[in-house]
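Here is the structure we will look at, set down as structure tokens.
Every number here is computed from the coordinates shown, using simple stated rules; none is lab data. Note that the structure is a prediction, hence the values are computed from the model and not measured. FYI the Cβ positions are ideal-geometry reconstructions off the backbone, even for glycines, and counts take in every protein chain you see.
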């Protein structure tokens, strides 16, 4: 597969009046088209900082990033970033919320027919087509997260960044939404990076998992995830015999240097 994203020797430190805090140290990896990568590591090790650098919100102190074969100066519309909270606006309907990104892209006074069709396709695919005129408060937490993801996907990003996107949901909803979204992203061959504290979530969704060390974070281990399943879905992975082996392996790596 072709590499769409390359990180080479990325390092970063936070500078405060109290001094310097090293967050990332010499991180290098590549991401292939259609690959789902998960990043796990100790709390506070710099996982979200790494996503901020990838999407251009922060500039690395050392190293460089190549996106789609070019040196990465600005994310533009090549990277979509989905945060922990949905950030839907109550004064807008669900349809108006999902097209917000396109409107911000100077698409006034309206969308093209192609964009309208794509919005409707995604709303139907994510089970929200009957809720287009609803307000966010009328939807469950899982449905709101689906709407937030549609808003991101409508921008047609080359790489989708997911920063703990299911953490605000209750456990049962989290499982169902992760399963639904995981299946859709895999079916559409989306390229994604997931940051999560939940090892089970990472194993159930990812093709590959990067384990970061304690701060300053460096890559401690990379594990490829492969299940012998005819229908490879996140929920079925959780019940597969390989799941426990992967969990124990990653758990051991995370606690090796404690």
The stretch 26-75 to the stretch 142-172: how many Å between their Cα centroids? 18
What is the mean projected area of the alpha carbon convex hull for the stretch 88-156, to one decimal in square nanometres? 4.2
Additional length obtainable on full extension of the chain from residue 137 to residue 173, 0.36 nm per residue less Cα span: 11.3 nm
To the nearest Å, what is the center-to-center distance of the stretch 184-251 and the stretch 78-140, using C-alpha atoms only? 29
When a footprinting reagent is the concern and you count Cβ atoms within 10 Å, what order do 143, 155 take, fewest first? 155, 143
Sort 213, 204, 137 by Cβ crowding within 10 Å, fewest neighbours at the top. 137, 213, 204
Taking 71, 14, 126 and counting other C-beta atoms within 10 Å, the order from fewest to most: 71, 14, 126
Taking 0.36 nm per intervening residue step and subtracting the Cα-Cα distance, what contour gain separates residue 226 from residue 43 on full extension? 63.3 nm
Give me the tail of P(r) for the stretch 99-236 as a percent: Cα-Cα pairs with distance above 22 Å. 45
Please give, to one decimal in nm, the separation of the simple spin-label points placed at residue 183 and residue 129, each 7 Å out from Cα toward the Cβ. 1.6
Along the Cα-to-C-beta direction of residue 114, a point sits 7 Å from the Cα; which residues of the stretch 133-156 have their amide N less than 15 Å from that point? 154-156
